[in-house]
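The values are calculated or read from the model by the stated rules, or taken from the named source; none is laboratory data. All values reported here derive from a predicted model rather than from experimental measurement. Cβ coordinates were reconstructed from backbone atoms using ideal geometry, including for glycine residues, and neighbour counts include every protein chain displayed. Quick note on the areas: whole protein, heavy atoms, side chains included, nothing else; ligands and nucleic acids left out. Shrake-Rupley method; radii C 1.70, N 1.55, O 1.52, S 1.80 Å.
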Amino acid sequence: MGRPGAAELPGISPERSISHEHELQRIPGSLLLPLDDINAESAARVLPDKNALTYVYCRSGVRSTAACEKLEALGYTNLYNLGGLTTWPYEVE
């Protein structure tokens, strides 16, 4: 398997603001699912396969941890918390 950070990384960002943090810096190819908006409907729309490998990250790692907990409670099984972009050593947009 190649290194994380490649364009095909199946990731989501639980940033609070669509126009702020996610627009400023994100892993290429990632999707936005704001932490405050995570519920069964929004998760199913963004992540239809509950068993798909999904990387979760945010700026510092706090929201990604909370997002993983919410998604696990909704039945998502293959989540990987990358933590924060402040320590991400690979490409960002």
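Below are the figures for this structure:
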{"read-out": "For Tyr80, residues with placed amide H under 5 Å, excluding near neighbours", "value": "Thr54, Tyr55, Val56"}
{"read-out": "Exposure ranking of Val62, Val46 by accessible area [1.4 Å probe, largest first]", "value": "Val62, Val46"}
{"read-out": "Sequence-distant residues sharing a close amide H with Leu31 (under 5 Å, placed H)", "value": "Gly11, Ile12, Ser13"}
{"read-out": "Under Karplus coefficients 6.51, -1.76 and 1.60, residue-wise ³J(HN,Hα) of the range 54-67 in Hz, glycine/proline x", "value": "9, 8, 10, 8, 8, 6, 10, x, 6, 5, 5, 5, 5, 5"}
{"read-out": "Whether the range 36-93 is rounded, prolate or oblate, judged on the alpha carbon gyration tensor where a/c under 1.5 counts as rounded", "value": "prolate"}
{"read-out": "Peptides 66-76, 83-93 ordered by average Cβ neighbours within 10 Å, highest first", "value": "66-76, 83-93"}
